[in-house]
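The values are calculated or read from the model by the stated rules, or taken from the named source; none is laboratory data. Just so it is clear, the model here is predicted, and its values are computed rather than measured. Using ideal geometry, Cβ is built from the backbone for each residue, glycine included, and neighbour counts are taken over all protein chains shown. Accessible surface is based on the protein model in full, side chains and every heavy atom, while ligands, DNA and RNA are left aside. Shrake-Rupley method; radii C 1.70, N 1.55, O 1.52, S 1.80 Å.
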Amino acid sequence: MTTIALFGGTGKTGSRVLTRLLDQSHEVRALVRDPARLRPQQHPALTVITGDVTATAPVRATVEGADAVLSLFGQVKGSPPRVQTEGTRAIVAAMHEFGVRRLVSLSGGGLPDPVHDRPKLADRVIRGIMRVAAGQVLDDAAEHLSVLEQSGLDWTVVRAPRLTEAPGVGRYRVGWVGVDASTQISRDDLADFIVTQIDDERFVRQLPFVSA
């Protein structure tokens, strides 16, 4: 049985991931700011830790005893401007302390991969709009990637385009921006892929782009 440290389990994608982890008989240690928002709130395989992802003590308590980390939190209304960066830094420190090596993080398609991406005109336009509308979010995502790149851990950053609430179809494409990719994916299908990355080593230290 695998024990997973989960950050961001109350979000729209994170809650789906949590459900899948429990359905697949994983043990889950979930850090949340508000336990009332967690679904489910109680489960024999679920340990809930209350706290902030940028605070050392609750992050350590969440990572201790875990076999892998799923980092699905990001910027929401009212977040500090570097919440993903500082939270990732705290998670990485705890992983080093407790000898945990596998980390899967979630980001958006606005985070570039200059090695593999082949953005088309539409992709460049979308990224330009995001830069104007949400430059702080993009900067934070890029800084969190830098923390991972310097960590020496077995990380994967899962990138996704526009997320929809449509029911999952049980299939998706894994490529790069502009390469075997579309412009949307359901949260259900994205959650399915994220869970597969706990044990999948194909994308270690890479930024796969997952779409419908």
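For segment 99-118, name all the residues that are part of a loop (DSSP other than H, G, I, E, B), farther than 13 Å from Leu145 by Cβ and in contact with a strand residue (DSSP E or B) (Cβ under 9 Å, 6 or more places away or on another chain).
Within segment 99-118, Val100, Arg101, Gly109, His116, Asp117, Arg118 qualify.
Among Gly170, Gly178, which is small (Gly, Ala, Ser) and in contact with a Lys or Arg (Cβ under 7 Å, 6 or more places away or on another chain)?
Gly178
Scan segment 109-159 for residues that are of a type in the set (Val, Ile, Thr), within 20 Å of the chain's Cα centre (by Cα) and open to solvent by 40 Å² or more (accessible area, probe 1.4 Å) and report the count. Spell out the reasoning first.
First pass over segment 109-159, keeping only residues of a type in the set (Val, Ile, Thr): 115, 125-126, 129, 132, 137, 147, 156-158.
Add one more test, that the residue is within 20 Å of the chain's Cα centre (by Cα), and what stays is 137, 147, 156-158.
Now restrict to residues that are open to solvent by 40 Å² or more (accessible area, probe 1.4 Å): 137.
Total meeting the criteria: 1.
Is it fair to say Ala166 is at pLDDT 95 or above and either more than 20 Å from Gly14 (Cβ to Cβ) or open to solvent by 30 Å² or more (accessible area, probe 1.4 Å) (or both)?
The answer is yes for Ala166.
Can you tell me which residues in segment 39-56 are at pLDDT below 95 and farther than 19 Å from Leu190 by Cβ?
Correct list: Pro40, Gln41, Gln42.
Taking segment 95-108 as the search range and keeping residues that are small (Gly, Ala, Ser) and in contact (Cβ under 8 Å) with a residue 40 or more places away in the chain, which one is least open to solvent (accessible area, probe 1.4 Å)? Steps first, answer last, please.
Initial filter on segment 95-108 (small (Gly, Ala, Ser)): 99, 105, 107-108.
Still in the running and in contact (Cβ under 8 Å) with a residue 40 or more places away in the chain: 105, 107-108.
Values: Ser105: 2, Ser107: 19, Gly108: 29 Å².
Taking the candidates together, the pick is Ser105.
How many residues are among the small types (Gly, Ala, Ser), surrounded by 12 or more Cβ atoms within 10 Å (Cβ to Cβ) and part of a loop (DSSP other than H, G, I, E, B) when one looks only at segment 14-43?
The total comes to 0.
One residue is enough: does segment 59-74 have a residue meeting the conditions assigned to a loop (DSSP other than H, G, I, E, B) and at pLDDT below 95?
yes
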